[in-house]
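Step one of this worksheet: look at the structure below.
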Amino acid sequence: MRAIVELSEAAHTIRRRTNRQRLPPVRYNVLWKVPCMADHLTPEERSAQMRRVRSRDTKPEMRVRRVAHSLGTRFRLHRRDLPGTPDLVFPARRKIIQVHGCFWHRHEGCRSARMPTDRSDYWNAKLNRNVERDIANLLALKELSWDVLVVWECETGNLETLRRRLASFLLKPVSSNDQAVG
Ligand SMILES: [Zn+2]
């Protein structure tokens, strides 16, 4: 029963997102198929996954910001003058961190990125556009000599691991061809 309640909460979340993006509304009966998705999770596993997804959904970028802040680095958020409006921009280090949702940006091999079997053509087209855009933005940023780290939402769960990773990316010396100041 609990699994059913959680799936129905997940339905609300998905529908909210869908509406916001002015896509056709998700029908509830679609969600009854969730336990039968391609990855064949048991209802218990599925509900555990939904719980993880929901808690991560709200927080991944906030976690990255908090860790970056605790490392004493200064950054700006969502700079619109850069390709793709990157999530965290560290101008003095000429570095960028992008925090990607695993489903929306198709994290390869990640459980959270598995595709619903229902309307799979629609989802494939939509998510592939996101991935193409990500790649184009990444190339454009590299072209402008920005060093970019992509952090997936599933990699933000363990703060200590996240901290080590961000420290190694952010605190390593700026290379001589970077045009960093400060
Ligand atoms: Zn992931």
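Some notes on this structure:
- Residue within region 93-111 that is within 16 Å of the chain's Cα centre (by Cα) and assigned to a helix (DSSP H, G or I) present: yes
- Taken over region 150-172, the criterion of being within 13 Å of the ligand (Cβ to nearest atom) and among the acidic types (Asp, Glu) is satisfied by GLU153, GLU155.
- Any hit, region 69-78, residues being assigned by TED's automatic domain parsing to the domain that holds VAL150, farther than 21 Å from ARG163 by Cβ and away from the ligand (no atom under 16 Å from the Cβ): yes
- Looking only at residues of region 145-169 that are assigned to a helix (DSSP H, G or I) and among the small types (Gly, Ala, Ser), we find that the one that is surrounded by the fewest Cβ atoms within 10 Å (Cβ to Cβ) is SER168.
The values are calculated or read from the model by the stated rules, or taken from the named source; none is laboratory data. Computed from a predicted model, the values in this text were never measured in an experiment. In this analysis, Cβ positions are derived from the backbone assuming ideal geometry, glycine residues included, and neighbour counts consider all displayed protein chains.
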